[in-house]
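Below is one structure, written out as structure tokens; the observations come after it.
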Amino acid sequence: MDFLVRLSIAAVLVAALASATGAIYLHRWAAMPLPVVDATLIELKAGEAFSVVAARLQRDGVVNSDRLLTAWARLEGQTNRIQAGEYRVAEGESAAQLLDDLVAGAAVAYQVRLPEGVTIATILQQLSTVSKLVDDIGDARADTLLQQLGLGHGSAEGRLFPDTYHYAAGAPASDILRRAHQRLSEVLDAEWSLRADGLPYDSADDALIMASIIEKETGREVERANISRVFVTRLTRAMRLQTDPSVIFGLGAAFDGNLTRAHLATDNPYNTYTRRGLPPTPIALVSRASIHAALHPADNDYLFFVARGDGSSEFSSTLSQHTAAVRRYQIKDGHDAR
């Protein structure tokens, strides 16, 4: 065999042996505990190169060699698969376990609760101050939010589902909003498919608007179906709904906490004392219970209700009954009587 050929073969064998030895060393290194004495939080930012992350981890004392960590990630084919977020590195954890967590996105989970009964403006303000969440929605409003999120056009009012949403550090607020919008669509579609017969709604959107009124009219689970019956019956009979929360919503910043007769007489699209039918949009985020109530009104003939003053309502079927209830419970100028 030619000398040069034998030399080339020997060089290849030496390289292969060195590579195998290097791989064995990397496996052993990756299985060793990291130099972390106490549990440590680390944060990966979106778009960071693995080498940048590794260098920071060495600088912060999480690993003893950024080069070995990068070499291990390359050996595993994972350098481009790590996910942004905040991670907890426990004492005794190995580099191999750390890399697995970074690739799996097993980040520390934070949570935010979107409450029912509030407006989009309230939600946007809330998300702008939530810890570890990136505010990427700027000065969005109810009438611009859906378009800004790429979710269509029209008002976003009431089109987010109130729930607890989990997120990783550095997540954008828009992600919470998209998930809440998708969740609302799923819940509304499911409830709409099981709706009662004979309801005066042209679409699931109508039911959502009604649900938002129910949400604002009562916080009592046992009253939702009765509230629904009152407004469904009025809608069926082409009566004015005469619901204060819709009027208050229409007043916006002009409402100072005192709803007056002048407010009730001032016409706007949300004034259900001056206009028949449903308001043009929902007036708040709604719970599943309120959506269900809007689609399953109680089986009775209630047409009126009045606040008792303790958070509950007195329901009546006739005007004479209602008038007596108003005299019994109403202490203001009568606008709380519907």
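The values are calculated or read from the model by the stated rules, or taken from the named source; none is laboratory data. Since this is a predicted model, take the numbers as computed values, not measurements. Note that each Cβ is placed from the backbone with ideal geometry, even for glycine, and that neighbours are counted across all protein chains shown. Please note that ligands, DNA and RNA were not included when accessible areas were found on the heavy atoms of the full protein model with its side chains. Shrake-Rupley method; radii C 1.70, N 1.55, O 1.52, S 1.80 Å.
Evaluate the following for residue 282: is it touching a helix residue (DSSP H, G or I) at 6+ places or on another chain (Cβ under 7 Å), outside any strand (DSSP E or B) and either crowded, with 21+ Cβ neighbours inside 10 Å or hydroxyl-bearing (Ser, Thr, Tyr) (or both)? The answer is yes for residue 282.
Taking segment 143-250 as the region of interest, the helices (runs of 4 or more DSSP H) fully inside it that hold 3 or more residues being under 16 Å from residue 294 (Cβ atoms) are 173-192, 204-217, 224-236. For segment 104-119, the candidate set comprises residues that are touching a helix residue (DSSP H, G or I) at 6+ places or on another chain (Cβ under 7 Å) and more than 17 Å from residue 133 (Cβ to Cβ); within that set, the residue that is surrounded by the most Cβ atoms within 10 Å (Cβ to Cβ) is 116. Assessment of segment 106-117 against the conditions (at pLDDT 95 or above, at positive phi and over 13 Å from the mean Cα position of the chain (by Cα)) yields at least one matching residue.
Every residue, every condition in (1) among the β-branched types (Val, Ile, Thr); (2) under 27 Å from residue 202 (Cβ atoms), yes or no:
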position	(1), (2)
252	no, yes
258	no, no
264	no, yes
269	no, yes
274	yes, yes
286	yes, yes
297	no, yes
330	no, no
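So, residue 183, is that one over 30 Å from residue 77 (Cα atoms) and open to solvent by 70 Å² or more (accessible area, probe 1.4 Å) or not? Spelling it out, residue 183 is indeed over 30 Å from residue 77 (Cα atoms) and open to solvent by 70 Å² or more (accessible area, probe 1.4 Å). The residue of segment 251-274 that is nearest to residue 292 (Cα to Cα), among those that are hydroxyl-bearing (Ser, Thr, Tyr), more than 27 Å from the chain's Cα centre (by Cα) and open to solvent by 30 Å² or more (accessible area, probe 1.4 Å), is 273.
Residues of segment 91-103 that are touching a residue at least 24 places away in the same chain (Cβ under 8 Å) and surrounded by 14 or more Cβ atoms within 10 Å (Cβ to Cβ): 93, 94, 95, 96, 98, 99, 102, 103.
Screening residue 17 on (1) open to solvent by 40 Å² or more (accessible area, probe 1.4 Å); (2) at pLDDT 90 or above shows it passes everything except condition (2). Scanning segment 301-329 for residues that are part of a loop (DSSP other than H, G, I, E, B) and farther than 14 Å from residue 223 by Cβ gives 301, 303, 309, 317, 318.
With respect to the conditions (1) within 22 Å of residue 84 (Cα to Cα); (2) at pLDDT below 95, residue 139 lacks only one, and its number is (1). Residue 183 meets the stated requirement of being basic (Lys, Arg), modelled with pLDDT of 95 or more and within 19 Å of residue 282 (Cα to Cα). Pairs meeting the criteria (first residue in segment 32-59 and under 11 Å from residue 83 (Cα atoms) and open to solvent by 80 Å² or more (accessible area, probe 1.4 Å), second residue assigned to a loop (DSSP other than H, G, I, E, B) and of a type in the set (A, V, I, L, M), beta carbons under 8 Å, at least 6 apart or on different chains) are 45/84; 46/84; 47/84. The residue that is farthest from residue 60 (Cα to Cα), among those in segment 77-101 that are over 25 Å from the mean Cα position of the chain (by Cα) and among the hydroxyl-bearing types (Ser, Thr, Tyr), is 79. Residue count for segment 186-216, restricted to those that are touching a residue at least 60 places away in the same chain (Cβ under 8 Å), open to solvent by less than 40 Å² (accessible area, probe 1.4 Å) and either under 17 Å from residue 284 (Cα atoms) or of a type in the set (D, E, K, R) (or both): 13. Beta carbons closer than 9 Å, at least 6 apart along the sequence or on distinct chains, pair a first residue in segment 62-86 that is under 25 Å from residue 169 (Cα atoms) with a second that is in a helix (DSSP H, G or I) and among the basic types (Lys, Arg) for 62/56; 66/56; 66/59. Among the criteria (1) in contact with a helix residue (DSSP H, G or I) (Cβ under 6 Å, 6 or more places away or on another chain); (2) closer than 23 Å to residue 214 by Cβ; (3) open to solvent by 70 Å² or more (accessible area, probe 1.4 Å), the one residue 135 does not fulfil is (2). Residues considered: 317, 312, 228, 246. Of these, the only one that is open to solvent by 20 Å² or more (accessible area, probe 1.4 Å) and hydroxyl-bearing (Ser, Thr, Tyr) is 317.
Residues that are among the hydrophobic types (A, V, I, L, M, F, W, C) and at pLDDT 95 or above do occur in segment 273-281, at least one of them.
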